[in-house]
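Below: the structure, in structure tokens.
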Amino acid sequence: MKELEQLLKLGSDYKIEKQEEKNVKGKIIKVIHIKCKKKKDRCPNCGKFTKSIHDKLKPIELKYLKIVEYDVKVIITKRRFICHECNKKFTENVDINTNGCNISNKLKQKILKDLLSYNLSLKYIAKENNVSENTVRNILINSFEYPEYQKNLPKIISMDEFKADTDKGKYAFVLNDPIHKKVLDILPNRKKEYLIQYFTHTENRHSVEFVISDMYEPYLLVTQIMFPKAKYVVDPFHYTTYIMDALDDVRIRLQKEYGYNSKEYRMLKNKKNVSLLRRYSNEIEWFTYTKRYRNKHMVEILKYDLRETLLDIREELRIAYQLKELFLDIINHATYEDAESQFINWIDLCRETD
């Protein structure tokens with residue numbers, strides 16, 4: 001069953017209950033019965049989670065991707081939950097298909113990929129994917145449908161995403177006005193081509209001065225193409241996270257080297273010690289006391305002494321910590337004029353220390 005789940009690419013939310021073969025007009029079709037493993041769902045009325053199942057609906061038969069040249073149908077029985085907060089009954093939310101559609105989202109995506117090939121006819125694509133020619137035509141027409149466009153944007157915008165499992169992908173795109181703290185639009189897709197098509201309809205693209213985002217490369221490419229006069233600004237949270245994770249990588253590697261029963265392992269594993277190393281030193285009062293276990297007793301120790309004991313474990317941990325501190329110094333104190341040179345010097349230091 002595991003191999004079949006991997007072939008179907010159903011994801012962790014679904015479980016295969018059984019499989020069978022059917023002969024339909026002399027053609028063998030694989031029929032896979034699946035169920036959703038989620039034990040609770042959110043009520044669309046009040047937003048509360050509920051585990052109470054009211055009943056089950058009639059099984060739905062969906063056309064799915066081929067497996068080893070066999071046509072596949074997936075049968076799923078959706079459950080109806082009841083919310084005890086507002087007494088509403090609702091059908092569970094599954095991402096395997098769009099409501100009212102008898103083909104899976106995976107098959108839709110496959111058909112859309114086939115449509116990108118200019119040498120494939122609608123008839124061939126329909127036959128290859130075991131759907132009607134009319135279904136292929138409808139998917140093609142719907143792929144050109146876009147939401148209402150933001151025709152005018154403020155001078156400063158920000159781009160982000162959240163996990164949504166829409167029918168166009170796993171992440172939804174959020175367009176914000178960060179100055180006035182407004183959400184301007186939410187789109188079902190964060191892919192570069194989709195965003196370029198969307199922003200093509202923006203009339204004042206050349207008036208946008210700043211685009212704020214994370215380190216997701218397609219956002220940078222969209223900014224360069226669609227907002228040529230804008231500066232691309234990366235939110236400090238994202239690159240600071242990289243630095244903290246790099247320090248953690250050194251700590252975890254050393255922790256593993258010393259072994260489970262060692263004093264060094266316990267010190268490097270301690271969550272409070274990890275927090276102490278990750279925080280910016282200028283924000284910590286080092287000559288105050290903190291409590292730790294020593295020889296099965298709770299004792300008070302200066303935060304400064306504790307930090308030095310940790311950094312004395314290995315010189316490379318001290319170097320990694322110092323590099324992290326230098327980085328945060330730049331973030332907190334560099335000016336616009338000298339930030340670039342300071343970052344270049346810091347990168348050179350990282351290379352010297354390997």
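The values are calculated or read from the model by the stated rules, or taken from the named source; none is laboratory data. Since the model is a prediction, treat every value here as computed from it, not as a measurement. Every residue, glycine among them, receives a Cβ derived from its backbone with ideal geometry; neighbour counts consider all protein chains shown. Surface areas here come from the heavy atoms of the whole protein model, side chains and all, with no ligands, DNA or RNA. Shrake-Rupley method; radii C 1.70, N 1.55, O 1.52, S 1.80 Å.
Tabulated data for the structure shown
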| read-out | value |
| --- | --- |
| Estimated Rh, region 215-296: Kirkwood, alpha-carbon pairs, angstrom | 16.2 Å |
| Accessible surface, region 162-226, averaged per residue in Å² (probe 1.4 Å) | 55 Å² |
| Of LYS108, LYS51, LYS231, the one that fluctuates the most in a GNM where the chain has Cα springs shorter than 10 Å | LYS51 |
| Residue-normalised accessible area of region 249-298, given per residue in Å² at a 1.4 Å probe | 78 Å² |
| Under 12 Å, Cβ to Cβ, from GLU300 - net charge with Lys/Arg +1 and Asp/Glu -1 | +3 |
| C-alpha center-to-center spacing [region 284-354, region 184-219] in angstrom | 38 Å |
| Ratio of the Cα radius of gyration of the chain to 2.2 N^0.38 Å, where N counts its residues | 1.35 |
| 5 angstrom amide H check on CYS86, placed H, neighbours 5+ away | none |
| Carbon + sulfur, % of accessible area of the chain - ligands and nucleic acids excluded, 1.4 Å | 50 percent |
| Hits among lysines - C-alpha to C-alpha of LYS291 under 20 Å, sequence gap 8 or more where chains match | LYS263, LYS269, LYS271, LYS272, LYS303 |
| Modelled FRET efficiency - R0 41 Å, GLU308 with PHE162, Cβ distances, 0.05 increments | 0.45 |
| Accessible area in square angstrom per residue, region 1-91, 1.4 angstrom probe | 67 Å² |
| Length added when fully stretched, GLN224-TYR70, from 0.36 nm per residue minus Cα-Cα | 51.0 nm |
| log10 of Debye I(q)/I(0), alpha-carbon scatterers only, for region 168-322 at 0.08, 0.12, 0.20 Å⁻¹ | -0.43, -0.71, -1.20 |
| For region 38-120, alpha-carbon Rg over 2.2 N^0.38 Å | 1.42 |
| In region 1-110, the GluC sites (Glu not before Pro) that fall in loop regions by DSSP, at most 14 other Cβ within 10 Å | GLU69, GLU85 |
| Low-density loop positions, GluC sites (Glu not before Pro), region 249-293 - DSSP coil, at most 13 other Cβ in 10 Å | GLU285 |
